[in-house]
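Structure record follows, encoded as structure tokens.
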Amino acid sequence: MTDTAAVSRAPSAVDPSQLTALAEPIAAEIGCALYDVQWRGGTLVVLATASEGGAIGVEALSKLSRRLSAALDAADLIDGRYVLEVSSPGLERSLRRPEHFASAVGERAVIRTSGPLRRRIVGEILEADRSAVSIHIEEISGNAAAGQQIEPGAGQMLSVPFGDIAKARTTFEWGSPPHKGRGRQGR
């Protein structure tokens with residue numbers, strides 16, 4: 001679900017914290033939760049979820065887009081032309097901050113690490129705090145830690161410091177049962 005509004009100015013340097021501070025209260029008034037704000041070379045991407053954590057509707061995204069567009073024009077935080085894109089983070093969403101990982105506990109994810117121990121780890125997120133994420137390993141590839149015998153499955157758990165994560169996202173397996181706390185209720 002995406003609602004895109006073109007705004008007539010050319011891109012400039014953007015302070016994400018200012019954009020987040022502007023967008024969060026607007027999202028809350030509409031009954032949404034701000035998931036992320038990203039500047040992607042001329043496009044301001046605002047990702048929102050329903051405040052209760054479920055799916056967000058097209059009407060809420062459209063309302064958020066209109067209200068945010070007007071607030072951005074009034075605040076004049078962005079010099080030049082840009083495109084405003086408001087959407088949900090989707091089933092397979094990027095995990096960039098500790099709170100993203102914490103909200104994905106119990107979900108399957110792919111984590112790519114950087115540095116000398118570059119590897120790709122697939123598994124269920126078990127827990128996340130301000131410094132690291134713990135994942136139950138289903139698959140692992142790349143340069144496994146020297147001296148560590150890391151094998152997928154069999155209860156293997158790995159704690160990955162956030163500073164070592166280059167990229168991460170949740171993954172969705174089609175045909176799999178919904179995760180606890182997700183999906184339809186009362187059917």
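Throughout, read-outs are computed from the coordinates displayed, never taken from laboratory work. Owing to the predicted nature of the structure, the values given are computational and were not obtained by experimental measurement. Cβ coordinates were reconstructed from backbone atoms using ideal geometry, including for glycine residues, and neighbour counts include every protein chain displayed.
What to note about this one:
- Descending by average beta-carbon neighbour count within 10 Å, the peptides 112-125, 161-174 line up as 112-125, 161-174, the highest first.
- Put simply, the amide H of Ile56, placed in the peptide plane, has neighbours under 5 Å in Ala50, leaving out anything fewer than 5 places away on its chain.
- A Stokes-Einstein calculation at 37 °C with viscosity 0.692 mPa s, built on the Kirkwood radius of the stretch 9-113 over Cα pairs, returns a diffusion coefficient of 228 µm²/s.
- Pairs of Cα atoms farther than 15 Å apart, the stretch 92-138, %: 40 percent
- Placing +1 on each Lys and Arg Cβ and -1 on each Asp and Glu Cβ, with no other charges, gives the stretch 42-96 a dipole about its Cα centre of roughly 60 debye.
- Amide H contacts for Val133 (H built 1.01 Å from N in the peptide plane; partners 5 or more residues away or on another chain; cut-off under 5 Å): Val160, Phe162.
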